[in-house]
1. Test Pro190 against the criterion of being surrounded by fewer than 18 Cβ atoms within 10 Å (Cβ to Cβ) and out of contact with any Cys (no Cβ under 8 Å at 6 or more places or on another chain), and give yes or no.
2. Scan the helices (runs of 4 or more DSSP H) fully inside segment 102-221 and keep the ones with 3 or more residues being within 19 Å of the chain's Cα centre (by Cα).
3. Could you count how many residues in segment 53-101 are assigned to a loop (DSSP other than H, G, I, E, B), surrounded by fewer than 18 Cβ atoms within 10 Å (Cβ to Cβ) and of a type in the set (Ser, Thr, Tyr)?
4. I'd like to check something: does segment 120-139 contain any residue that is in contact with a strand residue (DSSP E or B) (Cβ under 8 Å, 6 or more places away or on another chain) and within 26 Å of Leu205 (Cβ to Cβ)?
5. For segment 200-220, which residues satisfy the criterion of being modelled with pLDDT of 90 or more and of a type in the set (Gly, Ala, Ser)?
6. Filter segment 111-132 down to the residues that are hydroxyl-bearing (Ser, Thr, Tyr) and buried (at least 20 other Cβ atoms within 10 Å of the Cβ) and list them by number.
7. Quick check on segment 221-231. Is at least one of its residues loosely packed, with under 15 Cβ neighbours inside 10 Å and either within 17 Å of Lys41 (Cβ to Cβ) or of a type in the set (Val, Ile, Thr) (or both)?
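The values are calculated or read from the model by the stated rules, or taken from the named source; none is laboratory data. Since the structure is predicted, the reported quantities are computational estimates derived from the model, not experimental observations. Here the Cβ positions follow ideal geometry from the backbone for every residue, glycine too, while neighbour counts run over all protein chains shown.
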Amino acid sequence: MAIAQVKAVTPQAAPDIVTMSGVRFAWPRRDDFRLAIDDFKLTEGERLLLIGPSGSGKSTFLSLLAGIVTPQAGKIDILGTDIARLRGGARDRFRAEHFGIIFQMFNLLPYGSVLDNVLLPLSFSAERRKRASAGGTAESEAGRLLGKLGIAPSLIGGASAASLSVGQQQRVAAARALIGAPQIIIADEPTSALDRNRQQAFLDLLFEVVAEAGATLIMVSHDESLAPRFSRVVPLGEIARITTGGDAA
């Protein structure tokens, strides 16, 4: 009896959605800080923790990754687009559509409502608003995300961001980053103002909603104790060479 041969199927590796190569950057009119990135890749679905002490250039790295600043040389390929070649307006639109950013100081509109703050990114990207409205309205999706992150319905429409606790502001900032399903979530020291228990609780929620959205997460921190929560941990010094003549940016 002939035995059928079954060909083994090798699982396909997840694609790289970020590639930085030959990147060189210096702040204008400053000779005391230079950053060089020869090769960096971020794979779809990764949970990457980038470690570095304060003043080591982490914020500059994130600004390059998100297209807030552009390098003097090199390529920054995001989802098949070299954002270093985009002009300012096109780069802003690309960032609004594909990136969600949780800033260290949250950067909420202090007198805007919780809902106003969460919906803000949709004002800059029609595609992201379309994705946010796919199951109903953008407002209902904002409410769903906020509920998932533990914000009471009574706070959503009326309370101003300035009236919220630090932990509540942090969760609103996370909902703002996640609405409209951007492919890449950047978190810049988002747990630095929290004690250990609240750090872990916030990361539990963040990982849950990031996984639900199918997004890729890159978080920067000086806190190495967070490392076990992530799929990859990289010291900034392994991917970027920083030359300083004083304090780093």
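1. Numbers: surrounded by fewer than 18 Cβ atoms within 10 Å (Cβ to Cβ): no; out of contact with any Cys (no Cβ under 8 Å at 6 or more places or on another chain): yes.
Judged against the criteria, Pro190 is not a match.
2. Values: elements: 114-119, 126-132, 138-148, 153-156, 166-178, 196-213.
Correct list: 114-119, 126-132, 138-148, 166-178, 196-213.
3. Of the residues in segment 53-101, the ones assigned to a loop (DSSP other than H, G, I, E, B) are 53-57, 66-72, 79-80, 86-87.
Within this subset, residues satisfying the condition of being surrounded by fewer than 18 Cβ atoms within 10 Å (Cβ to Cβ) are 53-55, 68-69, 72, 79-80, 87.
Restricting the remaining residues to those that are of a type in the set (Ser, Thr, Tyr) gives 54.
Selection size over segment 53-101: 1.
4. Residues of segment 120-139 in contact with a strand residue (DSSP E or B) (Cβ under 8 Å, 6 or more places away or on another chain): 121.
Applying the additional criterion that residues be within 26 Å of Leu205 (Cβ to Cβ) yields 121.
Yes, that holds for at least one residue.
5. Ala211, Gly214, Ala215, listed by residue number.
6. Applying the first criterion (hydroxyl-bearing (Ser, Thr, Tyr)) to segment 111-132 yields 111, 113, 123, 125.
Hit for segment 111-132 is Ser125, nothing else.
7. Scanning segment 221-231 turns up at least one residue that is loosely packed, with under 15 Cβ neighbours inside 10 Å and either within 17 Å of Lys41 (Cβ to Cβ) or of a type in the set (Val, Ile, Thr) (or both).
Residue-wise test of (1) under 29 Å from Leu164 (Cβ atoms); (2) of a type in the set (D, E, K, R); (3) modelled with pLDDT of 95 or more; (4) in contact with a Ser or Thr (Cβ under 9 Å, 6 or more places away or on another chain).
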residue	(1), (2), (3), (4)
Lys75	no, yes, yes, yes
Phe94	no, no, yes, yes
Gln104	yes, no, no, yes
Tyr111	yes, no, no, yes
Lys148	yes, yes, no, no
